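The values are calculated or read from the model by the stated rules, or taken from the named source; none is laboratory data. Source: prediction; values computed, not measured. Every residue, glycine among them, receives a Cβ derived from its backbone with ideal geometry; neighbour counts consider all protein chains shown. For accessibility, only protein heavy atoms count, side chains too; no ligands or nucleic acids. Shrake-Rupley method; radii C 1.70, N 1.55, O 1.52, S 1.80 Å.
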Amino acid sequence: MQAAPVRATAIPSFTDALRAVESLLMSSGQRTARRNAWTSVLEDRRRAKDRVEAQRVLESVPRS
């Protein structure tokens, strides 16, 4: 008795599935705009984190 051949087909991740649905529902211009907007959100969060860190540093320096 031989074992059945094993297929190494990767199961798509949830993110891959969302991207596939997105590509069906949106034109490429809309996808680009949405991704650019998300990139801006992430960059704003990074800058806010940097501002908080700079404020902590400034507050820790003794004033003369």
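Assess whether Thr39 counts as being modelled with pLDDT under 90, polar (S, T, N, Q), in a helix (DSSP H, G or I) and surrounded by 10 or more Cβ atoms within 10 Å (Cβ to Cβ). Answer is no for this residue.
Selection of first residues in the stretch 18-44 that are on the phi < 0 side of the Ramachandran plot and of second residues that are not in a helix (DSSP H, G or I), restricted to Cβ pairs under 8 Å at least 6 apart or on distinct chains, gives the following pairs, ordered by first then second residue: Ala20/Pro12; Arg34/Met26.
For Ala33, the conditions (1) surrounded by fewer than 10 Cβ atoms within 10 Å (Cβ to Cβ); (2) part of a helix (DSSP H, G or I) all hold with the exception of (1).
Given Arg19, Arg63, Arg51, which one is modelled with pLDDT of 85 or more and open to solvent by 100 Å² or more (accessible area, probe 1.4 Å)? Of Arg19, Arg63, Arg51, the one residue that is modelled with pLDDT of 85 or more and open to solvent by 100 Å² or more (accessible area, probe 1.4 Å) is Arg51.
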